[in-house]
1. Assuming 0.36 nm per residue, please report the length gained on full extension of the stretch E242 to R158 beyond their Cα-Cα distance.
2. Sorted by accessible area (1.4 Å probe), largest first, how do V245, V169 line up?
3. What ranking of D145, D116, D27 comes out by heavy-atom accessible area, probe 1.4 Å, highest first?
4. What residues qualify as long-range amide H neighbours of E212, i.e. H under 5 Å apart, gap of 5 or more or another chain, H built at 1.01 Å from N?
5. Once you've got the Cα coordinates, tell me which of K234/K394; K189/K326; K97/K234; K268/K300; K200/K300 are over 25 Å apart.
6. Please list W423, W80 from largest to smallest accessible area, probe radius 1.4 Å, with all protein chains kept in place.
7. Once you keep just the Cα pairs under 8 angstrom separated by 6 or more residues, what percentage relative contact order results for the stretch 179-320?
8. Using a 7 Å offset from the Cα along the Cα-to-Cβ direction at both N421 and Q136, what is the distance between the two label points in nm, to one decimal?
Amino acid sequence: MERIKELILYREEEETLLNRIADLILDLRNLEAENAVMEEEEAIAQAWVYEENQIRDGYFGCMQELIEVGESHGFSGNLWHCYLTYLLVYHENAFSKACEIRGAVEGGINRIARHDFQIFMELFAFDFEEIEEKLQVSVYPMIADYPNSSGERKIFNRRIRDRICGLSVKLAQAAGPEAFQIEMEQFYKEFGVGKFGLHKAFRVCHQEERVEIVPITNIAHVYLEDLVGYEIPKQKLIDNTEAFVCGRRANNCLLFGDAGTGKSSSIKGILNRYYDRGLRIIEVYKHQFQDLNEVIAQIKNRNYKFIIYMDDLSFEDFEIEYKYLKAVIEGGLEKKPENILIYATSNRRHLIRENFSDKEEIRQDMHTSDTVQEKLSLVSRFGVSIYFEAPDKKGFQNIVKELARRHGVTMPEEELLLAANQWELSHGGLSGRTAQQFIDYLLGKPE
C-alpha cells in the first residue's frame, strides 16, 4: 500500500480515498513499531489504545465512503477492486489519453505504464484481513462480495457500469503487468478515458476562476426514431453529423422553425446515435459565449468529436453576445479545430431580432444596410440550416396515431383524434410536442 507514492502516470496530487486508506495503514504499522520498542507502562498503553481507536474510526470512515462510491456508481462484487478500476478508467494522463479510441500505442510510455500497473496489481492483491485482525474489526468480507441493485445510477449508464465491474474482475486476475496493460488499452479504445470517455454530454460552469466542463449525468434517452415525421430535416442532420464523425468536411448547423417541432430532440437523438463512435456534446448558454475560447482550448486536442450545442438561441437588439459567437465560428485568427462543430436550435431564422426599421427607409443609423448585414452575418456562418415546420392538421393526427401505437394506447381512432384536436386547441397548437403531451396525458389517466 505504501507504494502508491511511487506512481508516476497515475499519481494523484489531491487527497483521495486511496491515499487515506494508505495513510491509515501506515499509521497503524508505525504505531505497532513504536509500541514494540517502548516499555509496557500504563500511560504508554493508554496512549496506544487511544491512537488505535482513532485509526479504527478512520478505517470505518473509509469503508463507509467506499460503500457510498459503490452505491452511487452502481458497482457490485468486490467494491475495492471496482474502486481501483474506477481510478484507472477515469485518470487522464499521457498514456490513457494516447490510448483513447486508438488503442495500444508505441514508445517508452508503455514501460512507465507497466511500472504503475505493477503497483496497482499489488493494490488489487492487498490483504485487508491482516489489517482488520489487528484492528479487531470485520468489514472487508462484506465489501469483497457486495450485491447491488440492477437499476440505473446517476453517475454512469448501465453499459459502462457493467463494463467497469467486469474489467475489475479481469484486472484482479491479470497474470502480470503486460496482461494488465492489454485490458486497460482495450477499455480506453472502446470507451475512452476520464469524463469525456465515460459521459455523453456536458455543461460549462465556473469553478472559482476556472472554466470547468462538467458531465451531465442524467440525460433523456431520446432516439431519432422516436421523432415521428420530419424525415428530410433529420436526414440532413444525419448526413452532416456522419461526415463529421467520419473525419470528412462538415458544417456548423442551425436548426430553426416552429416551437415543439423536434429540434432539440433531434440533437439528443444524434448524440445517442453517434456516442459509441466518439461523439460528445457540450451545452453552452448565451451568457457563457465569452468562455467559448477556453472551452475549445480544453477539448481541441482530444480524440473525440465535440458538438458545442446552443439551445433556443436568439438575441435581442441590445444583446451583444452574438459578437463572441461570430468570432469563434469563423472570425478569429486561430482556425477552429477539426474535432469541433457548433449546432444551434432557434425559433428565429436569423437569430437576431429584426425590426421594420431594418427594412424600411428609416435612417436612424447613417449606415442602415451595414447594421442589417452585421445582424445577418451570424446565421450565414452556419453552413447548414435545417427547417422544422409545424405539421398541418393531417400531419398532427398522423403523429398522434403513431405515438398512440408505440405506447399501446387502445382508444378507437375516431375518439382518439377528436380528443387530440380538442387538446391541441388549448395546449400549444399543432406540433409534435403537443402530440406527445396529449399521449402522456392519456397514459397518466387512471384506468
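The values are calculated or read from the model by the stated rules, or taken from the named source; none is laboratory data. The model shown is predicted, which means the values in this text are computed figures rather than measured ones. When we count neighbours, we look across all protein chains shown, and the Cβ atoms used for this are built from the backbone with ideal geometry, even at glycine. The accessibility values were calculated without ligands, DNA or RNA, using every heavy atom of the protein model including side chains. Shrake-Rupley method; radii C 1.70, N 1.55, O 1.52, S 1.80 Å.
1. 27.7 nm
2. On the way: V245 20, V169 75 Å².
Of V245, V169, the descending order of accessible area is V169, V245.
3. Listed by decreasing accessible area, they come as D145, D27, D116.
4. Here C205, H206, Q207 satisfy the definition.
5. Exceeds cut-off: K189/K326; K97/K234.
6. In descending accessible area the options line up as W423, W80.
7. 26 percent
8. 8.2 nm
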